[in-house]
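Heads up, the thing below is written out as structure tokens.
The values are calculated or read from the model by the stated rules, or taken from the named source; none is laboratory data. Keep in mind that this is a model prediction, so the values were computed, not measured. With ideal geometry, Cβ positions are generated from the backbone for all residues, glycine too; neighbour counts draw on all protein chains shown.
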Amino acid sequence: MHAVVRRALATVIVVLALPAAAGAQPGVGVKAKTGKGLYAAYCLSCHGVDGSGVTSTSHPPGVLDVHGLGPPLKGVGALAADFYLTIGYMPLADPHEQPRHTKSPFDDREIAALVAYVASLGKGAGVPHPQPQRGDISRGLSLFTEHCAGCHQVVAEGGYVTNAVAPPLHQATPVQIAEAVRIGPYLMPTFPASQISDSQLNSIIAYVQWAKHPDDRGGWSIGRIGPVPEGLVAWLIAATALVGCCLVIGRRFQR
Amino acid sequence: MIRAVVRYLDERSGTAPFLKKALRYVFPDHWSFLLGEVALYTFVILVGTGIYLTLFFEPSTATTYYTGHYLPLRGHEMSVAYRSAVDLSFKVRAGLLMRQTHHWAADVFVASIVLHMLRIFFTGAFRKPRDLTYYLGLTMLIVALLEGYLGYSLVDDLLSGMGLAIGYSVLMSIPFVGGNLALLLWGAPFPGKPDFESRMYVAHVFLLPILIATLLGLHLFLVAARHHTQFRESRRTTEKKVIGIPTFPGQAPRSLGLFFAVAAVLFLLGGLIQINPIWLWGPYHVAQGTNGAQPDWYLGWLIGALRLVPSFDVTIGHYTLVPNPFWGGALFPLLVFLILYLSPWLERRLTGEYGFRHLLDRPRDAPWRTALGAALFTWVFVVFLAGASDRVFVSFGVSYVGQIWVYRVLVVILPVVALFATRRLCLALQESERLGRIRKQAEAEARGEMPQPE
């Protein structure tokens with residue numbers, strides 16, 4: 001009985017929240033400066049009152065297994081809030097779409113306020129302080145190949161994974177990389193310290209930083225993803241040039 | 001001076017009459033006949049750069065640790081093969097230039113064979129008596145694909161290892177014989193015995209190049225013995241008479257120029273555009289991989305086929321009779337090559353033309369052949385495009401699953417569209433030509449001239 005009522009209620013909230021979620025555009029109309037105010041304006045529609053989440057089993061699964069508009073935020077901590085906000089994943093425009101790396105609509109002060117507010121909702125991990133300068137690039141390459149390259153490609157150029165894109169990592173900051181590894185956003189697995197230690201994480205970050213400008217011997221690097229652009233060059237540049245040569249050299253002799 | 005040398009050689013070899021004939025050999029005068037020469041010269045560059053690489057590459061899977069200057073690989077465990085390829089790229093003088101030129105040449109080699117083949121196909125040059133020449137050409141294409149695949153696999157970087165894993169699974173998927181064949185080649189379940197590396201090496205630097213060279217020799221011999229085909233360019237051209245330019249002074253300088261052009265393009269690419277940066281991929285260890293690993297373009301159609309075939313296995317009880325990779329990885333290429341091999345025979349059967357054909361058709365002159373060819377190559381091309389769908393998704397955001405379904409539809413529809421559209425186009429071209437002729441004739445008559453006999 002209770003469950004039915006709760007489900008019905010949740011559905012109502014979901015239905016009511018939909019237009020609000022779509023309509024909430026930061027910077028438009030809202031003048032809130034406190035974390036709580038910002039949260040109420042931009043996050044509440046999906047994450048519910050006090051970060052209790054807007055979930056319902058009757059709602060078709062949106063992002064991953066999140067049935068509803070947004071998962072609970074109690075206990076996700078400053079770490080998750082900082083990551084999702086600085087990288088521009090949140091506020092999400094459409095709960096059925098994968099969050100994408102964009103410029104955050106909030107300024108630094110607003111982000112700090114929101115992070116503090118989300119952190120205050122429950123006990124959770126704080127923002128990490130990785131030290132990639134202590135890492136070892138070579139070790140990082142091994143670890144990256146072992147844990148990350150299957151999704152993010154070995155030079156961190158990104159790739160397709162079932163139903164999602166594993167984004168290129170060239171825009172991510174060291175802190176964001178450290179956060180992503182501990183959170184496992186979207187389809188990405190979570191890597192706890194028992195699997196990747198903090199010092200290993202430093203090496204991974206050092207490698208990812210290095211991979212932004214890797215050693216490009218051999219000339220123009222055409223994307224560093226291997227044969228697809230190479231095939232394009234082979235046909236569009238080489239084969240075209242050679243057919244052109246044939247046309248020029250093989251022009252009919254005047255008779 | 002030259003005279004003296006020639007006399008010296010002739011007196012000792014008696015080849016002057018043959019040389020004389022060769023120098024007077026008449027080449028048809030059309031640019032498309034040079035495509036085969038591009039393939040030939042690319043092969044020459046491949047052999048040249050390849051020999052240089054063999055001086056430094058060590059085909060061994062023995063374990064070693066990298067201690068060179070390249071930071072990200074420092075201390076990595078790797079095979080001697082991979083390390084020698086990295087050293088070849090970083091330490092050996094002109095090593096990277098040669099490696100890159102070799103790899104570009106491989107990509108261009110297959111591309112030029114394909115272009116040459118398209119010319120042969122769409123002008124009907126494969127008809128009797130040149131069908132044998134055509135079969136040799138097709139066989140060279142297959143050997144070239146294999147040769148390229150081995151070259152890609154030898155290096156033992158991350159991409160090589162993943163490519164071999166796919167090759168292994170495709171071979172294993174062949175019903176009844178696959179498992180045994182794979183064991184025979186690899187010596188043990190994947191990644192196989194260390195001998196496998198030496199087997200690949202021997203095949204790559206010796207067996208297959210010799211095979212290509214032999215087939216090439218026969219191919220060229222047959223071309224010369226049966227003489228080139230030619231287009232019907234004027235009334236002077238007939239099935240019997242050959243019109244064109246002699247080897248010397250016509251074709252030889254032209255051909256030499258083409259050789260330099262090919263060499264220039266390949267070495268420029270090798271020096272200016274990065275290809276297969278193995279130091280970025282890192283060494284291969286079993287069960288490791290990277291997203292978006294792809295074969296070189298000429299095997300992209302097989303990856304495309306593996307992606308497009310819906311996932312199902314043919315099983316009897318618990319026994320998997322035909323594992324999924326068979327359809328895309330083995331059956332599809334076999335089918336395509338079977339059709340290509342059968343084309344001359346099929347054409348003879350279907351048209352009832354069993355005689356010798358020395359004159360080429362323009363594509364429009366044989367609408368059915370052109371249309372069927374267009375359908376076949378469209379089919380292969382759509383599958384080929386599907387092979388890059390993951391990169392299209394990452395680069396342009398077009399849904400991957402959506403793309404695959406679109407390709408599954410296109411792969412059926414586009415060949416049919418190509419078939420009818422091409423035929424219509426050929427007929428329309430013929431018709432407009434006919435009208436043009438009639439108009440010219442009418443104009444001539446109006447001016448009171450005698451109509452020209454066609």
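Among the numbered criteria (1) hydrophobic (A, V, I, L, M, F, W, C); (2) under 35 Å from the mean Cα position of the chain (by Cα); (3) surrounded by 13 or more Cβ atoms within 10 Å (Cβ to Cβ), which single criterion is violated by B:F18?
Of the numbered conditions (1) hydrophobic (A, V, I, L, M, F, W, C); (2) under 35 Å from the mean Cα position of the chain (by Cα); (3) surrounded by 13 or more Cβ atoms within 10 Å (Cβ to Cβ), the odd one out for B:F18 is (3).
Go through the range B:98-134 residue by residue and tally those that are in a helix (DSSP H, G or I) and either in contact with a Pro (Cβ under 8 Å, 6 or more places away or on another chain) or at pLDDT below 95 (or both).
In the first step, residues of the range B:98-134 are kept if they are in a helix (DSSP H, G or I); the result is B:98-122, B:131-134.
Then keep just the ones that are either in contact with a Pro (Cβ under 8 Å, 6 or more places away or on another chain) or at pLDDT below 95 (or both); that gives B:122, B:131, B:134.
Going through the range B:98-134 one residue at a time, the tally reaches 3.
Using the structure shown, decide if A:R224 is within 13 Å of chain B (Cβ to nearest Cβ) and surrounded by fewer than 23 Cβ atoms within 10 Å (Cβ to Cβ). Working first, answer last.
Values: within 13 Å of chain B (Cβ to nearest Cβ): yes; surrounded by fewer than 23 Cβ atoms within 10 Å (Cβ to Cβ): yes.
Judged against the criteria, A:R224 is a match.
Enumerate the pairs (first residue in the range B:257-279 and without any contact (Cβ under 8 Å) to a residue 12 or more places away in the chain; second residue anywhere and acidic (D, E) and assigned to a loop (DSSP other than H, G, I, E, B)) with beta-carbon separation below 6 Å, excluding pairs fewer than 6 apart on the same chain, so at least 6 apart or on different chains.
Correct list of pairs: empty, since none qualify.
Can you name every residue in the range A:134-157 that is facing chain B (nearest Cβ under 7 Å) and under 10 Å from B:T290 (Cα atoms)?
Of the range A:134-157, the ones facing chain B (nearest Cβ under 7 Å) are A:137-138, A:141-142, A:145-146, A:149-155.
Within the range A:134-157, A:T145, A:E146, A:A149, A:G150, A:C151, A:H152, A:Q153, A:V154, A:V155 qualify.
Which ones in the range B:110-153 are more than 14 Å from B:F33 (Cα to Cα) and within 14 Å of chain A (Cβ to nearest Cβ)?
B:V110, B:A111, B:A144, B:L145, B:G148, B:Y149, B:G151, B:Y152, B:S153
Residue check: is A:L236 more than 8 Å from chain B (Cβ to nearest Cβ) and either in a helix (DSSP H, G or I) or surrounded by 13 or more Cβ atoms within 10 Å (Cβ to Cβ) (or both)? Explain how you work it out, then say what you get.
Values: more than 8 Å from chain B (Cβ to nearest Cβ): yes; either in a helix (DSSP H, G or I) or surrounded by 13 or more Cβ atoms within 10 Å (Cβ to Cβ) (or both): yes.
Yes; evaluated as a whole, the condition is true for this residue.
Of all residues in the range B:204-214, count the ones that are touching an Asp or Glu at 6+ places or on another chain (Cβ under 8 Å) and closer than 19 Å to B:L184 by Cβ. Break it down stepwise before answering.
At the first step, the residues of the range B:204-214 found to be touching an Asp or Glu at 6+ places or on another chain (Cβ under 8 Å) are B:204, B:208-209, B:212.
If we keep only those that are closer than 19 Å to B:L184 by Cβ too, we end up with B:204, B:208.
Of the residues in the range B:204-214, 2 are touching an Asp or Glu at 6+ places or on another chain (Cβ under 8 Å) and closer than 19 Å to B:L184 by Cβ.
Among (1) within 14 Å of another protein chain (Cβ to nearest Cβ); (2) more than 24 Å from B:D313 (Cα to Cα); (3) acidic (D, E), there is one condition B:E353 misses while meeting the rest; what is its number?
(1)
Looking at the range B:288-300, can you tell me whether even one residue there is more than 9 Å from chain A (Cβ to nearest Cβ) and either on the phi < 0 side of the Ramachandran plot or more than 28 Å from the chain's Cα centre (by Cα) (or both)? Steps first, answer last, please.
At the first step, the residues of the range B:288-300 found to be more than 9 Å from chain A (Cβ to nearest Cβ) are none.
No, every residue in the range B:288-300 fails to be more than 9 Å from chain A (Cβ to nearest Cβ) and either on the phi < 0 side of the Ramachandran plot or more than 28 Å from the chain's Cα centre (by Cα) (or both).
B:L184 is checked against (1) over 21 Å from the mean Cα position of the chain (by Cα); (2) closer than 28 Å to B:G292 by Cα; (3) not in a loop (DSSP other than H, G, I, E, B) and fails just one. What number does that condition carry?
B:L184 satisfies all of (1) over 21 Å from the mean Cα position of the chain (by Cα); (2) closer than 28 Å to B:G292 by Cα; (3) not in a loop (DSSP other than H, G, I, E, B) except (2).
Output the number of the condition that B:G250 fails; it satisfies all remaining conditions of (1) in contact (Cβ under 8 Å) with a residue 60 or more places away in the chain; (2) of a type in the set (G, A, S); (3) touching a Leu at 6+ places or on another chain (Cβ under 9 Å).
(3)
Any residue at all in the range B:24-31 that is assigned to a helix (DSSP H, G or I), at pLDDT 95 or above and surrounded by fewer than 18 Cβ atoms within 10 Å (Cβ to Cβ)? Can you show your working first?
Of the range B:24-31, the ones assigned to a helix (DSSP H, G or I) are B:24, B:31.
Next, only the ones that are at pLDDT 95 or above stay: none.
No, the range B:24-31 contains no residue that is assigned to a helix (DSSP H, G or I), at pLDDT 95 or above and surrounded by fewer than 18 Cβ atoms within 10 Å (Cβ to Cβ).
If the requirement is being loosely packed, with under 13 Cβ neighbours inside 10 Å and of a type in the set (K, R), which of these qualifies: B:R99, B:R3, B:R83, B:R74? Spell out how you get there, then give the answer.
Values: B:R99 fails: loosely packed, with under 13 Cβ neighbours inside 10 Å; B:R83 fails: loosely packed, with under 13 Cβ neighbours inside 10 Å; B:R74 fails: loosely packed, with under 13 Cβ neighbours inside 10 Å.
B:R3 is the lone residue from the list that is loosely packed, with under 13 Cβ neighbours inside 10 Å and of a type in the set (K, R).
Restricting attention to the range A:244-255, which residues are among the aliphatic types (A, V, I, L, M) and at the interface with chain B (Cβ under 7 Å from one of its Cβ atoms)? Walk me through it before giving the result.
Within the range A:244-255, the subset among the aliphatic types (A, V, I, L, M) is A:247-249.
Hits for the range A:244-255 are A:L247, A:I249.
Please state which of the following conditions A:A206 fails to meet, knowing it meets all the rest: (1) closer than 18 Å to A:G159 by Cα; (2) in contact (Cβ under 8 Å) with a residue 12 or more places away in the chain; (3) within 11 Å of chain B (Cβ to nearest Cβ).
(1)
Restricting to the range B:68-97, and then to whatever is part of a loop (DSSP other than H, G, I, E, B) and either within 11 Å of another protein chain (Cβ to nearest Cβ) or of a type in the set (G, A, S) (or both), can you tell me which residue is nearest to A:W210 (Cα to Cα)?
Taking the range B:68-97 first, the residues part of a loop (DSSP other than H, G, I, E, B) are B:68-70, B:74-76, B:91-94.
Checking the rest, the ones that are also either within 11 Å of another protein chain (Cβ to nearest Cβ) or of a type in the set (G, A, S) (or both) come to B:68-70, B:74-76, B:94.
Working: B:G68: 18, B:H69: 15, B:Y70: 12, B:R74: 14, B:G75: 17, B:H76: 17, B:A94: 26 Å.
So the residue we want is B:Y70.
State all residues of the range B:241-285 that are hydrophobic (A, V, I, L, M, F, W, C), at pLDDT below 90 and surrounded by fewer than 17 Cβ atoms within 10 Å (Cβ to Cβ); if no residue qualifies, say none.
So the first thing to find is which residues in the range B:241-285 are hydrophobic (A, V, I, L, M, F, W, C), and the list is B:242-243, B:245, B:248, B:252, B:256, B:258-269, B:272-273, B:275, B:278-281.
Checking which are at pLDDT below 90 leaves us with B:242-243, B:245, B:248, B:252.
Once the filter is applied, which keeps residues that are hydrophobic (A, V, I, L, M, F, W, C), at pLDDT below 90 and surrounded by fewer than 17 Cβ atoms within 10 Å (Cβ to Cβ), the range B:241-285 yields B:V242, B:I243, B:F248, B:A252.
With respect to the numbered conditions (1) more than 10 Å from chain A (Cβ to nearest Cβ); (2) farther than 23 Å from A:T162 by Cβ, which one is the sole condition not fulfilled by B:S311?
(2)
Given B:V383, B:V322, B:V394, which one is among the β-branched types (V, I, T), closer than 30 Å to B:C426 by Cβ and either surrounded by 12 or more Cβ atoms within 10 Å (Cβ to Cβ) or in contact with a Ser or Thr (Cβ under 7 Å, 6 or more places away or on another chain) (or both)? Before the answer, list the steps.
Numbers: B:V322 fails: closer than 30 Å to B:C426 by Cβ; B:V394 fails: closer than 30 Å to B:C426 by Cβ.
Result of the check over B:V383, B:V322, B:V394: B:V383.
Any idea which of B:T290, B:T229 is of a type in the set (V, I, T) and either closer than 22 Å to B:H116 by Cβ or loosely packed, with under 15 Cβ neighbours inside 10 Å (or both)? Walk me through it before giving the result.
Numbers: B:T290 fails: either closer than 22 Å to B:H116 by Cβ or loosely packed, with under 15 Cβ neighbours inside 10 Å (or both).
Within the list B:T290, B:T229, the selection yields B:T229.
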